[in-house]
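A short worksheet on the structure shown next.
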Amino acid sequence: MKDDRTCRSEQYWDEDLERSGGQARPFCVSGPEELLAEAVDHAIGAGACRLAGRLNPSAQATWNAVAEAKRRQAKTALADYLRAIGARRRGR
């Protein structure tokens, strides 16, 4: 049975993963949604690296460098997402 919580028609929940106890989150098929998911993933990673740097002061410079790289990746992925959305709208 399809779960329609917050998904568009091209997105669906991976029910087998959910039943086995995995994280229940939308499965992005392709297109701009995949780019947005990538941007969010990089942003979360950047935040986790900043936190790791605060918790490990001796390696804080390294963690901050990794966080900065992930932040740049998130900005790039978000820009790609916005370009894809713009192209989709122009194609209508």
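Annotations
- Taking only alpha carbon atoms, segment 42-92 gives an Rg to Rh ratio of 1.28, where Rh is the Kirkwood radius.
- Peptide packing for 49-57, 32-40, 83-91 was compared via the average number of neighbouring C-beta atoms within 10 Å per residue; ordered from the highest value, the list is 32-40, 49-57, 83-91.
- Each other residue within a Cβ distance under 14 Å of Y81 adds +1 if Lys or Arg and -1 if Asp or Glu, for a net charge of -1.
Bear in mind these aren't lab numbers, they're just calculated from the coordinates by the rules spelled out. In this text, all values refer to a predicted model and were calculated from it rather than measured experimentally. Neighbour counts are summed over all protein chains in view; Cβ atoms, including those assigned to glycine, are modelled from backbone coordinates with ideal geometry.
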